[in-house]
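Q: The structure under discussion is supplied below as structure tokens; questions concerning it will follow.
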Amino acid sequence: MNTAWIRRICPAVVLVAILLGLTPAPAQDTGGKQSKGISAALQPFVDSGTLAGAVTLVADKDKVLCLEAVGYADVGAKSPMLVEMLFWIASMSKPITGAGLMILVDEGKVNLDDPIEKYLPEFKGQWVITELGKDRVVLKKPARLVTVRDVMNHTSGLPGKSAMEIPTYDVLSLKDAVRSYALTPLNSEPGTKYAYSNAGINVGGRIIEVVSGMSYEDFMSKRLFGPLGMKDTTFWPSEVQLKRLAKSYKPNKAKTGLEATTVTALKYPLSDPKRQPFPGGGLFSTASDVGVFCQMVMNGGEYKGKRYLSEAAVKTMTSKQTGDGVKTGYGVGWSTSGDTFGHGGAYATNMTIDSKRGLITVFMVQHSGGFPGNGGQSQAAFRKAAEQMYAK
């Protein structure tokens with residue numbers, strides 16, 4: 001059966017056809033040039049068993065140039081990867097939280113240089129560790145207060161997480177999680193050292209709650225996800241969405257192949273509304289939804305004629321906000337090297353915006369703890385193929 005016409009009409013039809021046994025698991029392209037180069041770049045990793053499967057998206061500021069699926073959503077069941085698959089995007093949540101916070105900056109309700117204690121009084125009277133030994137901890141008052149900018153660029157001195165966030169990141173309410181950070185001494189003087197911190201981004205999420213008067217998740221849904229049409233971006237995938245969740249994999253013990261795993265950072269069932277939102281890394285999404293978010297950012301805060309952020313806010317978010325004495329380039333929730341900015345996630349997902357080339361790339365996989373063999377080269381292979389085919 002010739003299914004090329006089906007794939008052109010609607011990816012949803014492909015899913016029905018596959019379930020009926022009418023078609024194999026093709027790489028799917030939705031518009032723009034034919035992108036056999038991208039499929040060809042990733043298929044060897046699938047064939048060697050070092051990559052389970054992937055959904056890739058390439059876009060410019062105006063349109064999606066290529067949306068493809070390759071490999072398997074479930075290797076054991078030989079279930080094909082489809083472009084509609086849902087993924088835990090983990091720390092790719094950070095730039096999205098950053099965008100939510102910058103909406104309030106645009107509205108004059110938050111200032112990045114304000115001390116966080118202005119919005120969250122529980123942070124008053126913090127201490128910083130100056131000496132840490134087996135049986136001795138020496139504390140002193142920090143030279144200056146932690147600012148909103150500090151928590152959003154990982155220079156706050158806050159820990160990566162608190163001792164209370166166990167066994168998973170979604171067990172405490174955002175309010176309680178932030179209180180636990182406030183009880184913990186700073187590891188370094190504010191603004192002086194880059195140390196990746198989920199806690200810092202979660203503080204930003206809590207500031208959104210306090211300032212907006214809405215729960216963090218409601219604010220994000222009403223001010224970003226809903227208006228942008230990001231219908232599959234959520235902290236709580238529904239039972240229907242979970243049927244589209246790509247299976248997670250990790251290298252087997254011998255590191256020669258893959259074995260199935262779970263999203264170990266979160267509590268199951270993932271659809272349980274009692275799970276708490278996690279601004280630093282709790283979102284699930286699709287390549288298409290992430291692509292929409294990136295197009296809004298690449299367009300200076302606009303999408304389809306509607307403005308979500310000012311151009312100044314986008315510039316601040318995506319440019320280096322770490323101090324002159326800090327080497328690492330990080331903005332407000334975004335990793336940045338100047339013309340190129342983006343973020344990865346714990347299970348190897350990635351979104352990158354290359355403003356010089358005018359190109360957005362989204363790489364969606366579910367691999368924990370790295371890849372066996374040369375699978376770790378798959379993202380670079382995708383990006384190289386995308387640049388060769390679509391870069392201006």
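Q: Out of curiosity, is A385 over 15 Å from M298 (Cα atoms), part of a loop (DSSP other than H, G, I, E, B) and of a type in the set (A, V, I, L, M, F, W, C)? It would help to see each step written out before you state the result.
A: On the way: over 15 Å from M298 (Cα atoms): yes; part of a loop (DSSP other than H, G, I, E, B): no; of a type in the set (A, V, I, L, M, F, W, C): yes.
No: the conditions fail for A385.
Q: Of the residues that make up the stretch 116-134, is at least one of a type in the set (A, V, I, L, M) and free of Cβ contacts under 8 Å to residues at least 40 places away in the same chain?
A: Applying the first criterion (of a type in the set (A, V, I, L, M)) to the stretch 116-134 yields 116, 120, 128-129, 132.
With free of Cβ contacts under 8 Å to residues at least 40 places away in the same chain added as a condition, the list becomes 132.
For the stretch 116-134, residues of a type in the set (A, V, I, L, M) and free of Cβ contacts under 8 Å to residues at least 40 places away in the same chain: present.
Q: Here are some residues: G338, G342, G369. Which one is within 17 Å of N299 (Cβ to Cβ) and out of contact with any helix residue (DSSP H, G or I) (no Cβ under 6 Å at 6 or more places or on another chain)? Steps first, please.
A: Values: G338 fails: within 17 Å of N299 (Cβ to Cβ); G369 fails: within 17 Å of N299 (Cβ to Cβ).
Testing whether each residue is within 17 Å of N299 (Cβ to Cβ) and out of contact with any helix residue (DSSP H, G or I) (no Cβ under 6 Å at 6 or more places or on another chain) leaves just G342.
Q: Another one. For the stretch 125-153, how many residues are more than 21 Å from S212 (Cα to Cα) and out of contact with any Ser or Thr (no Cβ under 6 Å at 6 or more places or on another chain)?
A: The qualifying residues number 19.
Q: Now a separate question. Return the residues of the stretch 117-137 that are aliphatic (A, V, I, L, M) and modelled with pLDDT under 95; say none if nothing qualifies.
A: So in the stretch 117-137, the residues aliphatic (A, V, I, L, M) come out as 120, 128-129, 132, 137.
Listed by number, the residues that qualify are L132, V137.
Q: So which residues in the stretch 338-359 are touching a residue at least 40 places away in the same chain (Cβ under 8 Å) and either part of a loop (DSSP other than H, G, I, E, B) or not hydrophobic (A, V, I, L, M, F, W, C) (or both)? Steps first, please.
A: Kept after step one, since they are touching a residue at least 40 places away in the same chain (Cβ under 8 Å), are these residues of the stretch 338-359: 342-347, 349-351, 353, 355, 358-359.
Those that are touching a residue at least 40 places away in the same chain (Cβ under 8 Å) and either part of a loop (DSSP other than H, G, I, E, B) or not hydrophobic (A, V, I, L, M, F, W, C) (or both): G342, H343, G344, G345, A346, Y347, T349, N350, S355, G358.
Q: Let me ask another. Every residue in the stretch 132-155 that is surrounded by 12 or more Cβ atoms within 10 Å (Cβ to Cβ) and out of contact with any strand residue (DSSP E or B) (no Cβ under 7 Å at 6 or more places or on another chain), please.
A: R144, V148, R149, D150, V151, M152, T155
Q: Suppose we keep only residues that are touching a helix residue (DSSP H, G or I) at 6+ places or on another chain (Cβ under 8 Å) and among the hydroxyl-bearing types (S, T, Y) within the stretch 216-237. Which one would you say is nearest to S288 (Cα to Cα)?
A: Per the stated criteria, the residue is T233.
Q: Right, another one. Being surrounded by fewer than 22 Cβ atoms within 10 Å (Cβ to Cβ), in contact with a Ser or Thr (Cβ under 9 Å, 6 or more places away or on another chain) and closer than 21 Å to F225 by Cα narrows it down to one of K109, K63, so name that one. It would help to see each step written out before you state the result.
A: Details: K63 fails: in contact with a Ser or Thr (Cβ under 9 Å, 6 or more places away or on another chain).
Result: K109 is the single residue among K109, K63 that is surrounded by fewer than 22 Cβ atoms within 10 Å (Cβ to Cβ), in contact with a Ser or Thr (Cβ under 9 Å, 6 or more places away or on another chain) and closer than 21 Å to F225 by Cα.
The values are calculated or read from the model by the stated rules, or taken from the named source; none is laboratory data. Just so we're clear, the structure is a prediction, and the values are computed from it rather than from any experiment. Here the Cβ is made from the backbone with ideal geometry for all residues, glycine too, and neighbour counts use every protein chain on show.
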